[in-house]
Amino acid sequence: MGRSEFSEFPCVIILCQTYSCPFSIYWLTLLAALFWSPHPAHAEEESNPTKEERNWMITVFGGQLTDNVWEEAVNPEKTDWIDSYIAGVAVARDFAHEGRFDFGWELQMVVHFGDQNHLEGNGLLYSRYEMPSSWRIWKSAAFGLGLSYATDVPESEVDRGGDSTNTLVYWMAELEFYLPPDHLTLIVRLHHRSDAYGLFPDDTGTNAFVAGLRWRF
């Protein structure tokens, strides 16, 4: 297996090592790297359905929460993991394409377990930028924004901010990586809900790093 076959994954593996990533995020990424093989761009174009024919996506993911605001959570020197975890499934659909940009909606159902036990539902609109086929570091980068509803007021948010509410703003930032099956990809995402700098009255929120698998059809 040549050096180029690992070229998409070093940044994620190094990041996971730096953060001491829990919930098997590191091992999932390493496993994907071991079994990944590059696909020539012309072969993909000949054998794969077009982007417009694969508008639907199902993503399963899991991860761990941090006791940080998002600006601290992305700083390895300040990330403070807590004993609270999430597992979820998301259904998404692209509804528009403009050049390398895709636009769509996503609905999530998330289970919290560990120090807190409740369900969370999220709905968002996203924009995704698809990298050129010659770019082999990652497949796409995305950002989504919407609303989040928790069935119980999250204890981690109360502990951090003194109070919280069931409904908050939700956003996510994501990188997507190639896997050998053309219809499967690996995603790494920052999962975030908060008051959106005062849009909601309670200054608090949730941040989690998650990894998952996406099936596009």
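Any read-out appearing in this document is the output of simple, stated calculations on the displayed coordinates, not a laboratory observation. What you see is a predicted model, and the numbers here were worked out from it, not measured in a lab. A quick note on method: Cβ atoms are made from the backbone with ideal geometry, for glycine too, and the neighbour counts reach across all protein chains shown.
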* At R0 = 35 Å, FRET efficiency that the Cβ-Cβ distance of ASN55 and TYR197 yields, to 0.05 -> 0.60
* Quote the relative contact order of the range 78-217 in percent (integer), defining contacts as alpha-carbon pairs under 8 Å separated by 6+ residues. => 16 percent
* Asked: Sorted by packing (mean other beta-carbon atoms within 10 Å per residue), highest first, where do 114-121, 91-98, 188-195, 148-155 land?
  -> 188-195, 148-155, 114-121, 91-98
* Asked: How many nm is it between the label spots at MET109 and GLU155, if each spot is 7 Å from the Cα in line with the beta carbon?
  -> 2.4 nm
* Asked: What nm distance separates the two modelled labels at LYS78 and GLU98, each placed 7 Å from Cα along Cα→Cβ?
  -> 3.3 nm
* Residues listed by number, the range 94-121, amide nitrogen under 17 Å from PHE217 label point at 7 Å toward C-beta -> 94, 107
* When the convex hull of the C-alpha atoms of the range 54-110 is computed, what volume per residue in Å³ does it have? -> 117 Å³
